[in-house]
Structure formats: structure tokens, C-alpha cells
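This report refers to the structure that appears directly beneath it.
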Amino acid sequence: MKYLSAALCSLTLAALASSGHAQTNDGWKYTIDGDTTLATAAYDSGQSIAVRCKKDILDVIIIGLPVAPGLTRLLDVDSGDGFHRQTWANVPDQPVAYAVRSEFAARLLRSGGSFTIRTYPAEEQEAVKRFVLSLPTDRANLDRALAACGTPLEDAEDAQQEVEPPFDAPPPNMFPNLWVSRGTPNFPQLAQSRGQETGAAIVRCVVGEEGRLNQCRAKTESPTGFGFGASAAAALSTARINLGPGVEPGMIFINVVRYQLQ
């Protein structure tokens, strides 16, 4: 489980700006800094992509996107086979998003060619923004970063698309009819005993028959080490969503669970 803090984001930004211990090959810059391995690509339009392996945890980070509220945001991503909606996580108050399905996102970057990102507005009156980034065609340095984390170059799960229900309402609550039942998360006893009154987790599940959520596991939690991720995954395992267009068995479902001690 991981949580990308503003401090870690700053370290990544510094690596993008630094040329020390770096090799450049076709636009991917390869950097090693202590226990962190980075493959990065920067663009004149102000965006940067970083694939980072730190302590055997892989992150895919996009820097230079419009700031968005909340712990997650929706992005439409096209790496050559059409747009697919993806849930990415936010760094609070930063123009940064990082992939919840980080290994899948890293493998998309290996394809080279055009990588197009379309952001969703945070408010009803805001406009959709589009960024077209040309990926390096030589992926040798990117593969070195993946190898540092033991990330396979192929995985059958990549064929599983994330749910794409139709937008039923203006942002930010665009899917009012998605849920049948949400499940009831229990506030972790460990967090309570240590005086931690708030928390959150981002959980990834697979949609099952009758809209049940299977194989739920926490991808991030904040703060770490208090049990929020495990509690959120257990709660979503008892939840159900409505099946329909863009929501079918076998698809990936990603959701945020927030905690507030009452």
C-alpha cells in the first residue's frame, strides 16, 4: 500500500529538474537517487511523466495537470486504441496525479507514440482540457525503472477496463444511480486507540455477477499503518453496484472510502 505525499512529490519534481546521475535516451531520463529509480519525460507544454520505483513500490506520476479537489480524479487516457476512463489519485493542492493502477499505466507508456489525456471539470462550468504528449519510442530506460520494481512487462489484467458508467449528473456527483448498497466501513480500532480521527483509502475491486464487488484490495491509504486500507477493502467486499452500460462483470471498479471518527 502507498500514499504519495507532497514531500515525495517534491522529490520527484527535483529529480526532473536535476541532471545528476542521469542518462537520457530518446527523451526518457534515467535517474538513480539512493533507493529511488526514476524514468522521466518532460514536455515544453509544462507536463512531465515520471515512473518511479521506491522501496519496491511503483508509481506513475503525471505533473502539470489542472489542480482538482478530492483524493481521486477521472482522466480519459488514449494510448493509441481510443479513450478509456481511468481513476487517478491526487496530491492535495498540487498539479499532480498518480495512477491507482500503476503497473498498468506504466505498461501503457511502453507503447510509444501519442499519449493523450483528457481531464474532467471539477465544477459544472469548467471546460474539459486536453493534453497530447509524444512518448519516447525507445523504452529501454523506462524498462530499467520497471525492472527495478520487478514489474512484469505483460499482465493479463491489463485487458480489464475500468467501469465507465454514463454521467447522470453534473460534477462533482456524476453517478448518483451507481450504488445499490455501499457497505459499512468500520473505523479501525488501531487508529482509534492512537488518537487518529480521520483517514481515507482508495480501493480497487473487480465487478462480479449481480454487481457484487470481488477481489477488493487497498491501493493507497492515508495515513498509513492505521488499518484504513484493510477496513475499506472489507467494506467494499459487501457492497453492490448497478450493472448496465459501462458497468459489466469483469471490469475494474475503484472507489474512495473516507473515515471520520464520530
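The values are calculated or read from the model by the stated rules, or taken from the named source; none is laboratory data. This one's a predicted model, so the numbers in the text were calculated from it and none came from an experiment. Cβ sites come from the backbone with ideal geometry, for glycine too, and all protein chains shown count toward neighbours.
Of these, Glu210, Glu221, which one is over 22 Å from Thr87 (Cβ atoms) and either at pLDDT 95 or above or surrounded by 20 or more Cβ atoms within 10 Å (Cβ to Cβ) (or both)?
Details: Glu221 fails: over 22 Å from Thr87 (Cβ atoms).
Result: Glu210 is the single residue among Glu210, Glu221 that is over 22 Å from Thr87 (Cβ atoms) and either at pLDDT 95 or above or surrounded by 20 or more Cβ atoms within 10 Å (Cβ to Cβ) (or both).
Scan segment 218-243 residue by residue and report those that are assigned to a loop (DSSP other than H, G, I, E, B), in contact with a Gly (Cβ under 7 Å, 6 or more places away or on another chain) and within 23 Å of Pro92 (Cα to Cα).
Within segment 218-243, Pro223, Phe226 meet the criteria.
Kindly provide the set of residues from segment 175-205 that are part of a loop (DSSP other than H, G, I, E, B) and in contact (Cβ under 8 Å) with a residue 24 or more places away in the chain, ordered by number. Full working, then the answer.
Looking only at segment 175-205, we keep the residues that are part of a loop (DSSP other than H, G, I, E, B), and these are 175-178, 182-188, 194-197.
Of everything in segment 175-205, those that are part of a loop (DSSP other than H, G, I, E, B) and in contact (Cβ under 8 Å) with a residue 24 or more places away in the chain turn out to be Asn177, Leu178, Arg182, Gly183, Thr184, Pro185, Asn186, Phe187, Pro188, Arg194, Gln196, Glu197.
Checking Gly113 against (1) within 13 Å of the chain's Cα centre (by Cα); (2) on the phi > 0 side of the Ramachandran plot; (3) small (Gly, Ala, Ser), which test does it fail?
Against the list (1) within 13 Å of the chain's Cα centre (by Cα); (2) on the phi > 0 side of the Ramachandran plot; (3) small (Gly, Ala, Ser), Gly113 comes up short only on (1).
Filter segment 224-246 for residues that are surrounded by fewer than 22 Cβ atoms within 10 Å (Cβ to Cβ), modelled with pLDDT of 95 or more and under 22 Å from Asp158 (Cα atoms) and give the result.
Ser237, Leu243
Would you check which residues across segment 105-121 are at pLDDT below 95, surrounded by 15 or more Cβ atoms within 10 Å (Cβ to Cβ) and of a type in the set (Gly, Ala, Ser) and list them?
Listed by number, the list holds a single entry, Gly112.
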